[in-house]
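What follows is a single structure, written as C-alpha cells, with notes after it.
Just so it is clear, none of the values below were taken in a lab; they were calculated from the coordinates. Computed from a prediction, not measured in an experiment: that's the story for all the values here. Reconstructed Cβ throughout: ideal geometry from the backbone, glycine too, with neighbour counts over all protein chains shown.
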Amino acid sequence: MSEARRPRKLVYLLSGLAVALFLLVVMSIYVYPRQQELSFNPAYIGTYRGVGLHDGAGYFGKNWFRVHWETDDGISTEVLIDDYGYGPFQSYYPDGELRGTGLCLVEPNGGMEDPMPDEHDVLQGKFYAPDGSLLSEVINGTGTQTLCDAAGNIIWKLRLKAGTRREHWMFSSDGVTLSHTRYDHDELVNGAYISEHYNGKPKARGRYRSGYGSTVGNWYRFHDDGSLESITDHDTEPPAEQKFERGERFPTPKEQAEIRAIEAELEEPTP
C-alpha cells in the first residue's frame, strides 16, 4: 500500500467511527428512560423514552412505557404500556407480597397526551390478601375487585359485569361501610345510595334517578352524632333544602321509615 493511501484510509476509518459514535449518542438519548409526574395526579410517575421536547410520541417526543405509584401505607402499583388500551399491571404490599395482577385500562389524559391508568377498569385480574390467599377475580370484565390495605383490611370492593361497574363499596380499616353505590348498564349511579362516617354513624341516604345519574327524592345528610345535617327534596325545582345544627334535629318516624327503605334496597341482590 502506498504512503498516499494510508492517510485516506485512516480518514475513512475515523469518519466511520465518528458516525458510529454519533448514532450511538443519538440512540442513547432516545433509549435512556426519563420520568415525570403525570398531569392527572402528581403521585403517579410516568416513564418514557425519547428526547421529551413535546408531549406526542416520536424521537423528539415522549414514548411512555411505564407508570408507577405508591400509597401512603406503602402499597406500590406498576402498569406497563405498549399502546393505549388494556395493559398489564401488578400491585404489591409493602413486604413485596403480590396484591393484584392482570390487565387494566390506560388512556391518554386529554390534550396532555400523557397516560392515565385506571386500576379499577379491569379486564382480567386476580386480587390477593397479604397472606397470599386469593380474594377475588375478574375474568373478561366480569367479577369483583377486592382490595386490602397494608394491614390486610378490606377497604374496596367493585363488582363488574361485562366491563361495566355495577356495584361499589368502600370500607374503613375497621370495617365500617363508608359508601355503597349501584350503577346502571351505562355506569351511571342508579337507585339507592348510602355513606357512613368513620365512627359508623350515617352520613348520607338518598336515591339516584335510573338512566340519568342525578339525585331524586329526599336526600338525608347527617352529622357524625346521628343528628340531621340537612334534608334536600330533589323533586322540586330548584331543590328545597333544610339545614340543621348538630344535635338540633333527628329523623321523625316517617323519615326513619324512608331512610330504612333506602337501606333495604341495597340489601337486595343486583342482577
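Going by alpha carbons, how many degrees (0 to 90, nearest 10) lie between the helix axis of 253-267 and the longest principal axis of the chain?
On a 0 to 90 degree scale, this one is about 40.
Need the C-alpha centroid separation for region 165-180 versus region 199-271, integer Å.
18
If amide hydrogens are placed 1.01 Å from N in the peptide plane, which non-local residues have theirs closer than 5 Å to the one on Lys203?
Result for Lys203 returns Ser195, Glu196, His197.
Which distance in Å, rounded to a whole number, links the C-alpha centroids of region 109-129 and region 49-105?
9
Tell me the Kirkwood hydrodynamic radius of region 141-253 in angstroms, computed as one over the mean inverse distance between distinct C-alpha pairs.
Hydrodynamic radius (Kirkwood, Cα pairs) of region 141-253 is 15.4 Å.
Fewest Cβ neighbours within 10 Å first, please rank Phe171, Phe89, Phe65 accordingly.
So the residues, fewest neighbours to most, are Phe65, Phe171, Phe89.
At 7 Å along the Cα-to-beta-carbon direction for both Ser76 and Glu258, put a label point, then send me their distance in nm to one decimal.
Distance between the two pseudo-spin positions: 5.1 nm.
So what is the relative contact order for the chain, in percent, with contacts set as C-alpha pairs under 8 Å and at least six apart?
About 7 percent, as a whole number.
Which whole-Hz ³J(HN,Hα) couplings does region 158-166 yield from phi under the Karplus relation 6.51 cos²θ - 1.76 cosθ + 1.60, θ = phi - 60°, glycine and proline marked x?
9, 9, 10, 9, 6, x, 10, 5, 10
Fewest Cβ neighbours within 10 Å first, please rank Leu105, Leu160, Leu53 accordingly.
By the 10 Å Cβ count, ascending: Leu53, Leu105, Leu160.
Could you calculate the FRET efficiency of Glu137 with Gln35 from 1/(1 + (r/R0)^6), where r is the beta carbon distance between them and R0 is 35 Å, rounded to 0.05?
Details: r = 32 Å, r/R0 = 0.92.
Once the sixth-power term is evaluated, E becomes 0.65.
Compute the semi-axes of the equivalent ellipsoid of the chain, taking the square root of 5 times each eigenvalue of the Cα gyration tensor, and list them largest first in whole Å.
Numbers: eigenvalues 613, 83, 57 Å².
Working from the Cα gyration tensor, I get semi-axes of 55, 20, 17 Å.
With the crude spin-label approximation of a point 7 Å out along Cα→Cβ, what separation in nm comes out for Ala240 versus Glu265?
2.1
Under the rule of at least 5 residues apart or a separate chain, name every residue whose amide H is placed under 5 Å from the amide H of His234.
HN-HN under 5 Å from His234: Gly217, Asn218, Trp219.
Based on other C-beta atoms within 10 Å, arrange His120, His54, His223 from fewest to most.
His54, His120, His223
Given a cut-off of 23 Å, name the pairs among Lys62/Lys161; Lys161/Lys201; Lys157/Lys254; Lys62/Lys126; Lys161/Lys203; Lys203/Lys254 whose C-alpha atoms lie farther apart than that in the structure shown.
Lys62/Lys161; Lys161/Lys201; Lys157/Lys254; Lys62/Lys126; Lys161/Lys203
With each run of n ≥ 4 DSSP H residues scored as -39500 (n - 2.57), what mean residue ellipticity at 222 nm is computed for the chain after dividing by its residue count and rounding to the nearest 500 deg cm²/dmol? Let's see the in-between values first.
On the way: 2 runs with 42 residues, N = 271.
So the helix-based figure for the chain works out to -5500 deg cm²/dmol.
In the neighborhood of Gln90, defined by Cβ-to-Cβ distances under 9 Å, what is the net charge if each Lys or Arg adds +1 and each Asp or Glu adds -1? Don't skip to the end; give the middle numbers.
Values: positive: Arg99; negative: Glu78.
Local net charge: 0.
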